[in-house]
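In what follows, a structure is listed as structure tokens, so that the remarks can point back to it.
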Amino acid sequence: MKKIDLQYLKEAVKEPVNFWGMAGFAVAAAYTGSVIPLGAALVAEGLYLATVPANALYRKLVDGRTRRQLHEMRRRQREKMIETFDPREREAVLYLKWLKKQVFDNYTKFTGASEVPPNIQSLEQRWEDFVDLLDVYRRRKNHLRSVNRQAVQNQLTQAERSVENAPDERARRIQQANVEILKRRIAAFGELERSVKLVEGQLQSIENFFGLVNDQVVTLPTPERVSALDFEQLSDSIAMTKQMLEETSDVVGSLDEHNRQAGNYDLLVSKQ
């Protein structure tokens, strides 16, 4: 049996209909005092597990249920994350959530449509992107605020002098390793600053786009004109921002590895 089939097999075993079916056979066996119901239960269970997990409709049902569970788990995680935001950040998140609802309500109100089209519904994902990006923004900005860059620069200057004045080759190599680590940390500061500015601009773009969509829905209430808005451009911009953040995370991770190897745990960039 393929590994992927095990997922559907496990789900089939846990189905209430399977549990209560087996329970019914057990009750029948206890009531009649015969093992025949138990034998029938084994046959029925074998047929059930041989057919149901392989059924395309059942697999579709399981996949849909798994997606809903994953979505709900992420929603709870995001809500917990929002609780850690400071009041100003929570206000921005809740305002954008309110504005999203306004867009949905105004669209059906002014266009007379019974449903919100997929491009408007995509604002739900954009709101989630906003929350995730805001979390990255606040953590990186708080880290930059917590670091005395001048102190790190002074450490670098002192380490470079120690290299020049090292009494022997072994001491020189040790100090040179420290110089390289400090240089990487200063370079990481630059990467973090650029990423903070980029994410800040992206957050503003998302906020402004929500406002633009709501303005269009209210002032130009036709599905065609609303659909003319470039939803894909915002989506592509967010994707590029996330890619940049991943690349920056690699740089930070590399710096952290050098710090750990040197035992400089107080210099870990991502320790917060």
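What to note about this one:
- Any chance N214 is surrounded by 12 or more Cβ atoms within 10 Å (Cβ to Cβ), of a type in the set (S, T, N, Q) and out of contact with any Lys or Arg (no Cβ under 7 Å at 6 or more places or on another chain): yes
- The condition (being surrounded by fewer than 11 Cβ atoms within 10 Å (Cβ to Cβ), over 35 Å from the mean Cα position of the chain (by Cα) and not aromatic (F, W, Y)) is satisfied by just one residue among G24, G33: G33.
- Exactly one residue out of R68, R59, R88 is exposed (fewer than 12 other Cβ atoms within 10 Å of the Cβ), in the same structural domain as V27 (by TED's automatic domain parsing) and either farther than 22 Å from N208 by Cβ or not polar (S, T, N, Q) (or both), and it is R68.
- The requirement of being under 19 Å from T222 (Cα atoms), among the basic types (K, R) and without any contact (Cβ under 8 Å) to a residue 24 or more places away in the chain is satisfied by K101.
- Among (1) touching a Leu at 6+ places or on another chain (Cβ under 8 Å); (2) not in a helix (DSSP H, G or I); (3) not assigned by TED's automatic domain parsing to the domain that holds Y8, the one test that V116 misses: (1)
- One residue stands out among those in region 231-260 that are at pLDDT 80 or above and of a type in the set (D, E, K, R): the one that is farthest from G112 (Cα to Cα), which is E246.
- Answer residue from region 138-178, given it is under 30 Å from V199 (Cα atoms) and hydrophobic (A, V, I, L, M, F, W, C) and is nearest to the chain's Cα centre (by Cα) among those: L144
The values are calculated or read from the model by the stated rules, or taken from the named source; none is laboratory data. Nothing here was measured: the structure is a model prediction, and the numbers come from that model. Virtual Cβ from ideal backbone geometry, glycine too; neighbours counted across all protein chains shown.
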